[in-house]
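Remarks on the structure that follows.
The values are calculated or read from the model by the stated rules, or taken from the named source; none is laboratory data. Nothing here was measured: the structure is a model prediction, and the numbers come from that model. No Cβ is skipped: glycine too gets one built from the backbone with ideal geometry, and neighbour counts run over all protein chains shown.
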Amino acid sequence: MKSSSSLLQMMQYLLSPPGEMCLTCGSVSRLVREWPGICRSCAEAIPWIHKPRCLCCGRAIGCPDCLREEMRHRSFVCNRSAVQYNGVMREWLAQYKYRGHEKYADLIVHMLNQVFVQMQEELGMLMLGFNSDTPNQHIQSDASIGFFSAVISKVISRVDFVLPEVPLFHKLRETSQQALWKPDVITYVPVSDVRLKERGFNQAEVLARGLGSKHRIPVMPLLVRREHTAKQSYKSRQERIDSMKNVFAVHKEGLEAALSLYIRTYGMPSKASHSNSEMTRHESHGHAITAQDAPLPMQILLIDDIYTTGSTINACAEVLRDTLHLGLGLAAEVYSLTWARS
């Protein structure tokens with residue numbers, strides 16, 4: 001009896017396809033090395049956004065949203081996303097976000113990491129004054145002109161409007177003779193207490209911490225959600241925008257930690273004056289920062305799972321920029337990174 005059972009198991013082993021069960025389609029096959037838990041077929045079906053058509057929101061196809069008047073005055077610099085939000089990606093996100101399938105977290109973090117590296121290279125090349133389309137183009141890097149004034153001509157040719165004003169500074173990171181952009185801190189879109197109780201976790205925070213650990217970038221909670229809002233997926237574009245007003249506020253302890261990191265990294269402004277200048281004091285450290293004295297803005301990378309209209313990202317960025325600028329006199333640049341772009 002034992003011999004026949006062993007023989008049957010051996011036959012099943014020999015006849016079954018080699019490999020493991022794919023996380024996303026359930027087939028048993030060899031899994032790819034690049035993307036944790038999925039087979040080659042599923043990996044090849046990922047709708048990557050390799051080259052965004054819209055430089056503002058990162059969309060892969062034509063973007064009417066960024067042509068709207070209100071987008072000229074948005075509070076974030078730009079968004080980049082890893083994938084287009086199609087039916088397959090919707091199911092992946094649902095498995096992770098709503099059904100608590102934790103194994104998807106590692107996969108999505110790896111996917112987010114790929115677009116972050118692309119974002120680093122893209123911003124670094126633009127800051128240096130060249131890109132793949134115009135390799136010999138010189139882009140001015142004077143602090144009085146700023147990063148986005150340098151790429152205005154490129155954006156006008158694509159979307160026919162001028163990007164909004166942003167702090168007039170930029171910085172480079174040198175790695176292996178290539179300029180890589182790197183934010184000072186990573187943060188994430190907070191969820192309400194109701195959502196946190198429903199899901200047991202904040203998916204954006206998990207993604208942010210996964211990305212931060214890969215690149216040794218500090219991850220800090222800079223925002224809190226003051227109000228619980230209904231699910232955005234059921235709302236129109238204008239309803240999404242209206243529902244985000246006054247929803248977010250700063251996370252005081254997190255912001256204090258980010259300011260401390262900023263001061264340790266760049267030092268205090270050397271020309272701060274307590275007379276004839278408008279300034280406010282950061283009480284915890286006894287430091288006063290004025291916008292004209294700050295050598296560099298604080299660069300913040302904001303993480304979320306999906307970008308639809310940009311209303312959530314913009315509301316978060318507005319709170320961060322206004323708090324740092326109006327409250328502390330410190331310029332800030334908020335960049336957005338999401339897993340999917342709808």
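Here are some notes:
- Selection within region 70-95 - out of contact with any Phe, Trp or Tyr (no Cβ under 9 Å at 6 or more places or on another chain), in a helix (DSSP H, G or I) and farther than 26 Å from Trp181 by Cα: Glu70, Gly87, Val88, Arg90, Glu91, Ala94
- Subset of region 306-339 that is among the charged types (D, E, K, R) and not in a strand (DSSP E or B) - its residue that is farthest from the chain's Cα centre (by Cα): Asp322
- Positions within region 187-231 being β-branched (Val, Ile, Thr), part of a loop (DSSP other than H, G, I, E, B) and within 22 Å of Leu261 (Cβ to Cβ), in sequence order: Val189, Ile217
- Residue check for Arg90: modelled with pLDDT of 95 or more, surrounded by fewer than 16 Cβ atoms within 10 Å (Cβ to Cβ) and in the same structural domain as Thr312 (by TED's automatic domain parsing): yes
- Residue in region 174-185 that is modelled with pLDDT under 95, in the same structural domain as Ala258 (by TED's automatic domain parsing) and on the phi > 0 side of the Ramachandran plot present: yes
- Any hit, region 56-64, residues being within 27 Å of Leu180 (Cβ to Cβ), without any contact (Cβ under 8 Å) to a residue 24 or more places away in the chain and among the hydrophobic types (A, V, I, L, M, F, W, C): no
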